[in-house]
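S.K.: Sharing a structure below in structure tokens format, with a few things to ask.
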Amino acid sequence: MASSVPSVVPPAPAGRAAALRAALAERVVVADGGMGTMLQAAEPSMEDFQHLEGCNEVLNVTRPDIVRSVHEAYFDAGVDCVETNTFGANHSALAEYDIPHRIIELSAAGARAARDVADGFTARDGRPRWVLGSIGPGTKLPTLGHTTYPVLRDAYRDNAAGLIEGGADALLVETSQDLLQTKAAVVGSRRALTESGLDLPLIVQVTVETTGTMLLGSEIGAALTALEPLGIDMIGLNCATGPAEMSEHLRHLARHARVPLSCMPNAGLPVLGANGSHYPLTPGELADAHEAFVREFGLSLIGGCCGTTPEHLRRVVERVRDLTPAPREP
């Protein structure tokens, strides 16, 4: 009788995290691209959303097949890791739907869906695939008094705890617009990691607007100065702009950051046309940008954000497959 055990048994969480750290130290690791548009393209029903229209995280529980299909599309494109569908699994975002008590549930379900797909691909060919636990900014900025730091910190702890429970290999605090909110996410995540007994990479990506600063006016040097002492494993940029607008901020990080760097840009700045807005950057142009960033700034983790598709990431994978991040002397 044939065995039902996969030919390659995925390693334990500590082993996966160690392998991810090793990969980031040796080569370019490629993450996925945009998710929201692909989820919406599957046309989930109001029942799928449990009548909480637009709350994509609910699909982790009601339609994990849709969520898994997005992860599969990116792994088919050749990426090394995918982000969980948990960008809004935080206190302020879920409170708008009156379900803040579901943070851990939805975070764990999102990580579990990504973990299942990643392990399935690894079992096929033995190549490691990783899961990045997405921790989004939410909709309330503590610096502006929308909420308090302790409320955010404790809720981010729950967000991270659910991601760890579901099998994430790293925690990615992304699209950070307020340094106090970012600190709450980092400290909350660190508490969850301590409680779990695991040492997973903790990555932070800030969002710099076209104005040249974060939403509340902090420039990239201030972000680095505030966040690097918190013991994060990696710092970078994502969202808001395309790669062209990120170049000088990455240059600053390359010169001064003592931790590895990441970048996940949008597919350019949105352009308004007759059929609405669209992101103009082609797959080849995104690949051009990432190749330049790896060669010039020594990026270790790259991917895409709004407007990027599996085809964008397929071209990126092809372009950077044989590259080694440029050495840096910050």
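S.K.: Take each complete run of DSSP H in the chain, measure how far its Cα atoms stretch along the helix's own axis, and keep only those covering 27 Å or more with mean Kyte-Doolittle hydropathy at least -1.0; list them.
M.R.: Span-like helices here: 103-125.
S.K.: In deg cm²/dmol, rounded to 500, what helix-only [θ] at 222 nm does the chain give when every DSSP H run of at least 4 residues adds -39500 (n - 2.57) and the total is split over its residues?
M.R.: -14000 deg cm²/dmol
S.K.: Could you pull out which residues in region 77-91 have an amide N less than 13 Å from a spot 7 Å beyond the Cα of E291, following the Cα-Cβ vector?
M.R.: Taking a point 7 Å out along Cα→Cβ of E291, no residue of region 77-91 has its backbone N under 13 Å.
S.K.: Further question on the same structure: Please give, to one decimal in nm, the separation of the simple spin-label points placed at L269 and E96, each 7 Å out from Cα toward the Cβ.
M.R.: That separation, rounded to one decimal, is 2.4 nm.
S.K.: Using a basic spin-label model with each label point 7 Å from the Cα along Cα→Cβ, how many nm lie between T282 and E47?
M.R.: A separation of 4.4 nm, rounded to one decimal place.
S.K.: Under a GNM of the chain (C-alpha, springs under 10 Å), which listed residue has the highest mean-square fluctuation: A155, A111, A244?
M.R.: A244
S.K.: Then there's this: Decide, for region 194-282, between rounded, prolate and oblate: order the square roots of the alpha carbon gyration tensor eigenvalues as a ≥ b ≥ c, take rounded if a/c falls under 1.5, and otherwise choose prolate if a/b is larger than b/c, else oblate.
M.R.: The shape class here is prolate.
S.K.: Right, something else. For the chain, what is Rg from Cα atoms divided by 2.2 N^0.38 Å, rounded to two decimals?
M.R.: In units of the 2.2 N^0.38 Å rule of thumb, it is 0.93.
Since every read-out is calculated from the coordinates, none of them should be taken as a lab result. All figures in this text were calculated on a predicted structure; none of them were measured in a lab. Here Cβ is always computed from backbone atoms with ideal geometry, including for glycine, and neighbour counts include all displayed protein chains.
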